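Trainee: Below is a structure I'd like to ask you about.
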Amino acid sequence: AHRDAHPYTATTYEEFVKTINEKPGFIKAMWCGDEACEVKMKEIKGTKSRCILENEKKIDDKCVVCGKDAKHLVVWGIQY
């Protein structure tokens with residue numbers, strides 16, 4: 001319920017960082033599937049992939065971290 005009540009999206013790394021630092025909740029963003037990109041996301045306040053969304057429309061074609069072709073729409077959030 002909390003995820004659905006606080007949905008944000010980001011299509012660039014800068015937008016993602018700004019949103020995660022200023023707004024509580026979860027962020028939908030595209031991910032290439034590369035572990036290095038997930039590690040880089042974790043450096044932002046412990047952000048972690050919470051779930052991969054299937055059967056939802058992509059918000060972009062590029063990974064929010066590296067800009068390569070994205071494979072997954074992911075819900076990201078801070079791990080407390």
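Trainee: Out of all the residues in segment 58-74, is one or more open to solvent by 70 Å² or more (accessible area, probe 1.4 Å) and free of Cβ contacts under 8 Å to residues at least 12 places away in the same chain?
Mentor: Scanning segment 58-74 turns up no residue that is open to solvent by 70 Å² or more (accessible area, probe 1.4 Å) and free of Cβ contacts under 8 Å to residues at least 12 places away in the same chain.
Trainee: Residue 44: in a helix (DSSP H, G or I) and among the hydrophobic types (A, V, I, L, M, F, W, C), yes or no?
Mentor: Considered against the rule, which asks whether it is in a helix (DSSP H, G or I) and among the hydrophobic types (A, V, I, L, M, F, W, C), residue 44 comes out as no.
Trainee: Given the structure, is residue 5 buried (at least 18 other Cβ atoms within 10 Å of the Cβ) and either at pLDDT 95 or above or on the phi < 0 side of the Ramachandran plot (or both)?
Mentor: Judged against the criteria, residue 5 is not a match.
Trainee: Which condition number in (1) in contact with a helix residue (DSSP H, G or I) (Cβ under 6 Å, 6 or more places away or on another chain); (2) at pLDDT 95 or above is the one that residue 12 fails?
Mentor: Against the list (1) in contact with a helix residue (DSSP H, G or I) (Cβ under 6 Å, 6 or more places away or on another chain); (2) at pLDDT 95 or above, residue 12 comes up short only on (1).
Trainee: Which condition does residue 50 not pass, out of (1) in a strand (DSSP E or B); (2) open to solvent by less than 60 Å² (accessible area, probe 1.4 Å), if it passes all the others?
Mentor: If we test residue 50 against (1) in a strand (DSSP E or B); (2) open to solvent by less than 60 Å² (accessible area, probe 1.4 Å), just (2) comes out false.
Trainee: Go through segment 22-57 residue by residue and tally those that are among the hydrophobic types (A, V, I, L, M, F, W, C) and either touching a Pro at 6+ places or on another chain (Cβ under 9 Å) or in contact (Cβ under 8 Å) with a residue 60 or more places away in the chain (or both).
Mentor: 2
The values are calculated or read from the model by the stated rules, or taken from the named source; none is laboratory data. Bear in mind the structure is a predicted one, so any value in this text is a computation, not a measurement. Every residue, glycine among them, receives a Cβ derived from its backbone with ideal geometry; neighbour counts consider all protein chains shown. With ligands, DNA and RNA removed, areas are computed over all heavy atoms of the protein, side chains included. Shrake-Rupley method; radii C 1.70, N 1.55, O 1.52, S 1.80 Å.
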